[in-house]
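Asks: Sending over a structure as structure tokens; questions will come in a sec.
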Amino acid sequence: ALCQSHYVACMAAILSQMDADHYHSYIQAFPSRPELMDFLMETFILFKDLIGKTVYPSDWMVMNMVQNREFLRAINQFATTLTEMFLSSSSFELQLWNNYFHLAVAFLTQDSLQLENFSQAKRTAILAKYGDMRAKIGAAIRDMWYNLGHHKIEFIPGMVGPILEMTLVPELELRKSTIPIFFDMMLCEYQLTASFSRFEDEILRKLDSEVEGGRGDEQYKQLFESILLSCCRAHPELSRPGESFVALVTGLLERLLDYRAVMNDENKTYSMSCTVNLLNFYKEIDRQAMYIRYLYKLKDLHISYENYTEGAYTLLLHARLLKWSDEANTAPMQGLHSPSLHTQRQLKEALYNQIVNYFDQGKMWEEAIHICKELAEQYESEIFDYEMLSEILQREAKFYEKILKVLRPSPDYFAVGYYGQGFPTFLRNKVFIYRGKEYERREDFEMRLLSPFPNAEKLQTTSPPGPDITQSPGQYIQCFTVQPVEEPRVRLRDRSIPEQITNFYKANHVQKFSYSRPFKKGPKDPDNEFANMWIERTTFVTAYPLPGILRWFAVTSTTTTVISPLENAIETMMKTNEKILSEINRHQNDPSLPINPLSMLLNGIVDPAVMGGFAKYETVRMALSSSLQAFFQEPYLEEHPEDQGNIERLKDLIAWQIPLLSEGVRIHGQKVTEDLRPFHERMEQCFVQLRAKVESQYGVREMSQLLCSMEAAPIPKPTPRSAEAERRENRSSTFFSYRRPEPRQSASELPEPKVTR
């Protein structure tokens, strides 16, 4: 290193003694053109090598600047020689010119010339003595480019990257003078091929790596847009395609800058969002290699945070691009896939096995089963690999077993709004639905949410904020729990299906979420607190179903409906009855379940001593009370004749609660321990009183009516039964003919019930 610094110092000293005449004489002394060309080639390579190695320490400002000053003078002298002796059609040397441009760009972008990285005092001293050498070499590069004439096309797309690197240097005048080179490249290619696709492909590819590496900023995006739009509009033939190109590049720049801003954050939540924005962008413009690159960036982020379900969905996007064929892989390999995976079939199979592992770790066994079935089809019918078929079928069987036997808590969902101009553009004034982690409390979720924004203020209301918040320079975050709205599934309808299976679909593959806010409307009625208790229900629709490639998605539409007090009463009674029915089914499917949840549910309904008595329970849950009775009085019916159908439905739901409670009490009596026998007898007494009261007012319902819609099965002759057969019989006797109605706008759309009195 010492010898090299001495060598550079001697070279700088010699160059400093040479003026223009010396350079001219030296050039003329070469006996032939090839020898001169060899000299220039070697000199350009030598200079570039010395610039790249930074011979002197960075704090040796004077030595670095002296060296750069002399190198710049020499480069400009040799540039004159290039123009005079190697530019004409007969004498043009592509490689020589190419070496010049790469040397000039390397000189311009070297660390020792990036004045913005120095202190103000050092920057001022450098400008006063040496000037900004970047502007000088930048102007020389621009002039040399325009001197190329019809040879320019030979440098497209090869010089797109170096020119881009030069324009990204954060010096305003340099950017203004060099960005127009891009338009000249576009025009040159367009005039020869009627498109500038090679230039476009290269700048998109290079821009990604340059911005990720730390170059580029908002000023560059604005300058690029304004300068190129101005150039394109001055040429009618390039006006429309040029504007499309500028919109494309500025859109990419915006996403790349957002991605870079959060890339190194400790909380990777927003890095994931920006990664998805980028991969969606590349998908839209059909840049598959870049799309796959960001898919794997996203997958790695998910796995590092143990988001195995999301990691599986992300890998699945790559797998779906592949065919079950022996065609060669054309896209570049990503991740840790073996180089031996030469065909699309091999890569897709490897991806599918990894996806199954991730779905297993994320407890999404239903999704893992779908992948197993597709693999089994290939092993059985396409490649006839019965050993692998046996293995995948065994894995599939284990997933079915896990669905029934392994506890899977349903996740909570949260609506999160980011309001105010202080947030980055990909969050600003947008609402997202987040899928919480297992057993995650809202308080913990909010803490995790707020950690990247320590100055953000949490809004205490759930209503959308006004312009005073959305247009303010601050940051405001709104967070509240929402409920997933299950999509109707025909194949699960009117079937006796274990709760472990149906519960999965209540919280997964969901794209709609609701939030209900009670409010008072009209004059207060002291005798009926629910007569003016209305519900404002907001339904959020996300861009994609959850779960997916993110744990959250943006809300694309929001609708608000108002639920009347009577409709609210119907909904509440339906939920109560469904809860009773669910507990009955759970205990019939699994007799080993603890009895406590059933005890609390039944006792809370039938015992007057609980929660203020049965009348109080009915007030809360819209069962039988003086509050509810107000809906059934003649004055209400005369005032609201349109509610006649809903009132009959409400009466019917109240009546149907009795046979459900009866079955629940019966099961409770079978399972209760002797210690709790007095508790059960008290509950039975209360239920007898309740039953008499309800049946006298709303008629009698029998469990046989509830089961009448189920197909009658022949009764087999008594034979010895295995435990498995007994379990199956218990499962088939569940009461699933009482089912959740289809999603509806309001309770008034429910079908008419059949009433038996």
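Asks: Does LEU459 qualify as being buried (at least 16 other Cβ atoms within 10 Å of the Cβ), closer than 22 Å to ILE549 by Cβ and outside the structural domain of HIS587 (by the TED database)? First the steps, then the outcome.
Replies: On the way: buried (at least 16 other Cβ atoms within 10 Å of the Cβ): yes; closer than 22 Å to ILE549 by Cβ: no; outside the structural domain of HIS587 (by the TED database): yes.
So LEU459 fails the test.
Asks: Say we look at the stretch 535-550 and pick out the residues that are open to solvent by 30 Å² or more (accessible area, probe 1.4 Å) and closer than 21 Å to TYR308 by Cβ; which of these is nearest to the chain's Cα centre (by Cα)?
Replies: Restricting to residues being open to solvent by 30 Å² or more (accessible area, probe 1.4 Å) and closer than 21 Å to TYR308 by Cβ, the top hit is TYR544.
Asks: Specify which of the listed residues (PHE426, PHE445) is touching a Cys at 6+ places or on another chain (Cβ under 8 Å), surrounded by 13 or more Cβ atoms within 10 Å (Cβ to Cβ) and assigned to a loop (DSSP other than H, G, I, E, B). Reasoning before the result, please.
Replies: Numbers: PHE445 fails: assigned to a loop (DSSP other than H, G, I, E, B).
Every option except PHE426 fails the conditions.
Asks: What's the total number of residues in the stretch 26-77 that are in contact (Cβ under 8 Å) with a residue 40 or more places away in the chain and within 20 Å of TYR130 (Cβ to Cβ)? Let's see the steps before the verdict.
Replies: Start the filter on the stretch 26-77 by keeping residues that are in contact (Cβ under 8 Å) with a residue 40 or more places away in the chain, which leaves 27, 33, 36-37, 40-41, 44-45, 47-48, 50-56, 58, 61, 63-77.
So of that shortlist, the ones also within 20 Å of TYR130 (Cβ to Cβ) come out as 47, 50-51, 54-56, 58, 61, 63-77.
Result for the stretch 26-77: 23.
Asks: Next question. With the condition kept exactly as written, say whether any residue in the stretch 324-345 is within 30 Å of ARG448 (Cα to Cα) and modelled with pLDDT under 90.
Replies: Kept after step one, since they are within 30 Å of ARG448 (Cα to Cα), are these residues of the stretch 324-345: 335.
If we keep only those that are modelled with pLDDT under 90 as well, we get 335.
The answer is yes, given that some residue of the stretch 324-345 is within 30 Å of ARG448 (Cα to Cα) and modelled with pLDDT under 90.
Asks: Looking only at the stretch 665-706, count every residue that is within 18 Å of LEU598 (Cα to Cα) and in contact with a Pro (Cβ under 8 Å, 6 or more places away or on another chain) and tell me the total.
Replies: 2
Asks: Here is a further query. Any idea which of (1) surrounded by fewer than 19 Cβ atoms within 10 Å (Cβ to Cβ); (2) at pLDDT below 95; (3) of a type in the set (Asp, Glu) is the one GLU225 doesn't satisfy?
Replies: Looking at each condition in turn, GLU225 falls short on (2).
Asks: Follow-up. Among (1) in a strand (DSSP E or B); (2) farther than 17 Å from ALA554 by Cα, where does GLN478 come up short?
Replies: Result: GLN478 fails condition (2) only.
Asks: Okay, moving on. Confirm whether GLU254 is under 25 Å from LYS176 (Cα atoms), more than 22 Å from the chain's Cα centre (by Cα) and part of a helix (DSSP H, G or I).
Replies: Details: under 25 Å from LYS176 (Cα atoms): yes; more than 22 Å from the chain's Cα centre (by Cα): no; part of a helix (DSSP H, G or I): yes.
So GLU254 fails the test.
Asks: With respect to SER662, determine if the residue is among the hydroxyl-bearing types (Ser, Thr, Tyr), closer than 16 Å to GLU695 by Cα, at pLDDT 85 or above and surrounded by fewer than 21 Cβ atoms within 10 Å (Cβ to Cβ). Steps first, please.
Replies: On the way: among the hydroxyl-bearing types (Ser, Thr, Tyr): yes; closer than 16 Å to GLU695 by Cα: yes; at pLDDT 85 or above: yes; surrounded by fewer than 21 Cβ atoms within 10 Å (Cβ to Cβ): yes.
Criteria met by SER662.
Asks: With the requirement that a residue be in contact with a Lys or Arg (Cβ under 9 Å, 6 or more places away or on another chain), within 29 Å of MET447 (Cβ to Cβ) and either surrounded by fewer than 18 Cβ atoms within 10 Å (Cβ to Cβ) or hydrophobic (A, V, I, L, M, F, W, C) (or both), what does the stretch 239-276 give you?
Replies: LEU257, VAL262, ASN267, MET272, CYS274
Asks: Examine the stretch 386-400 for a residue that is under 21 Å from THR269 (Cα atoms), open to solvent by 30 Å² or more (accessible area, probe 1.4 Å) and out of contact with any Ser or Thr (no Cβ under 8 Å at 6 or more places or on another chain), and state whether such a residue exists. Please lay out each step first, then the result.
Replies: Filtering the stretch 386-400 for residues under 21 Å from THR269 (Cα atoms) gives none.
Within the stretch 386-400, not a single residue is under 21 Å from THR269 (Cα atoms), open to solvent by 30 Å² or more (accessible area, probe 1.4 Å) and out of contact with any Ser or Thr (no Cβ under 8 Å at 6 or more places or on another chain).
Asks: Determine, yes or no, whether GLU440 is in a loop (DSSP other than H, G, I, E, B) and closer than 19 Å to ARG551 by Cα. Step through it out loud before you land on a result.
Replies: Numbers: in a loop (DSSP other than H, G, I, E, B): yes; closer than 19 Å to ARG551 by Cα: yes.
Against the criterion (in a loop (DSSP other than H, G, I, E, B) and closer than 19 Å to ARG551 by Cα), GLU440 qualifies.
Asks: Please pick out the residue among SER195, SER239, SER177 that is farther than 22 Å from ASP258 by Cα, without any contact (Cβ under 8 Å) to a residue 24 or more places away in the chain and in the same structural domain as ARG255 (by the TED database). Quick ask: steps written out before the conclusion?
Replies: Numbers: SER195 fails: without any contact (Cβ under 8 Å) to a residue 24 or more places away in the chain; SER177 fails: without any contact (Cβ under 8 Å) to a residue 24 or more places away in the chain.
After applying the criteria, what remains is SER239.
Asks: Look at PHE432 and say whether it is of a type in the set (A, V, I, L, M, F, W, C) and in a helix (DSSP H, G or I).
Replies: Details: of a type in the set (A, V, I, L, M, F, W, C): yes; in a helix (DSSP H, G or I): no.
No.
Asks: OK, next. Suppose we filter PHE101, PHE86 for residues that are crowded, with 18+ Cβ neighbours inside 10 Å, under 49 Å from the mean Cα position of the chain (by Cα) and modelled with pLDDT of 85 or more; which single one remains?
Replies: One residue alone meets the criteria, PHE101.
Asks: Another one. Which count do you get for residues in the stretch 405-418 that are surrounded by 19 or more Cβ atoms within 10 Å (Cβ to Cβ) and out of contact with any Lys or Arg (no Cβ under 8 Å at 6 or more places or on another chain)?
Replies: Going residue by residue through the stretch 405-418, those that are surrounded by 19 or more Cβ atoms within 10 Å (Cβ to Cβ) are 411-418.
Those still in the list that are out of contact with any Lys or Arg (no Cβ under 8 Å at 6 or more places or on another chain) too: 415-416.
So the count comes out to 2.
Asks: Also, I was wondering about something else. So, restricting to helices (runs of 4 or more DSSP H) that lie completely within the stretch 592-656, which ones have at least 2 residues that are modelled with pLDDT of 65 or more and either buried (at least 17 other Cβ atoms within 10 Å of the Cβ) or among the polar types (S, T, N, Q) (or both)? Lay out the reasoning, then the answer.
Replies: Details: elements: 596-606, 613-621, 626-629, 634-639.
Those helices (runs of 4 or more DSSP H) span 596-606.
The values are calculated or read from the model by the stated rules, or taken from the named source; none is laboratory data. This one's a predicted model, so the numbers in the text were calculated from it and none came from an experiment. As a convention, Cβ positions derive from the backbone with ideal geometry for all residues, glycine included, and neighbour counts pool all protein chains shown. Note: accessible area is taken over every heavy atom of the protein model, side chains too, but ligands, DNA and RNA are not part of it. Shrake-Rupley method; radii C 1.70, N 1.55, O 1.52, S 1.80 Å.
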